[in-house]
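The values are calculated or read from the model by the stated rules, or taken from the named source; none is laboratory data. For clarity, every value in this text was computed on a predicted model and none was experimentally measured. A quick note on method: Cβ atoms are made from the backbone with ideal geometry, for glycine too, and the neighbour counts reach across all protein chains shown. Protein only, heavy atoms only, side chains kept; ligands, DNA and RNA dropped before computing areas. Shrake-Rupley method; radii C 1.70, N 1.55, O 1.52, S 1.80 Å.
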Amino acid sequence: QVQLVESGGGLVQPGGSLRLSCEASGSIVSIYAMDWYRQPPGKQRELVARIISDGTSGGNTDYADSVKGRFTISRDNAKNTVYLQMNSLKPEDTAVYYCHADLRSSYRGSYWGQGTQVTVSS
């Protein structure tokens, strides 16, 4: 059974920084991509950042326009962990942040974490 567990959310002032972590555990054969989504209050869930495995220790990354230059996604393949470094946070970044993985266990599937709250407020 595969589990994704997020950590690192919390309350931060505008202009501050937070680092989210998401560890995938279980019988994982390979990870194709890991993403961060967010769902602001009263709004739909949206993709924030994605890192796609390319056979190297890094990966190909992509970001929503609203976070480009402020957020950085990275991955530790040995730990099956993805990070989201969030800098210059704004009140509009307030949301529940979800980790998502496209990976193969006994089959290839889509997996979600439980979410972690990020609140940007003075």
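Summary table
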item	result
Thr94 long-range amide H proximity, modeled H, under 5 Å	Val120
Label point at Asp54 placed 7 Å out along Cα→Cβ; residues across segment 19-40 whose backbone nitrogen lies under 16 Å	32-34
Computed over the chain: relative contact order in percent, which uses C-alpha pairs under 8 Å that are six or more apart	37
Surface accessible to a 1.4 Å probe, Asp62 within the full protein complex, Å²	90
Thr119 accessible area, 1.4 Å probe, all protein chains in place, Å² to nearest 10	40
Principal axes of the chain: Cα extent on each, largest first, Å	45, 26, 22
Label zone at Ser110, where the point sits 7 Å out along the Cα-to-Cβ direction: segment 13-38 residues whose backbone N lies under 16 Å	32-38
Nearest-20 debye value, the chain charge dipole, Cβ charges on Lys, Arg, Asp, Glu	40
FRET efficiency, Gln13 to Ser66 (Cβ-Cβ, R0 22 Å, nearest 0.05)	0.70
Set of lysines near Lys68 by C-alpha distance (under 20 Å), chain-local residues within fewer than 8 positions excluded	Lys90
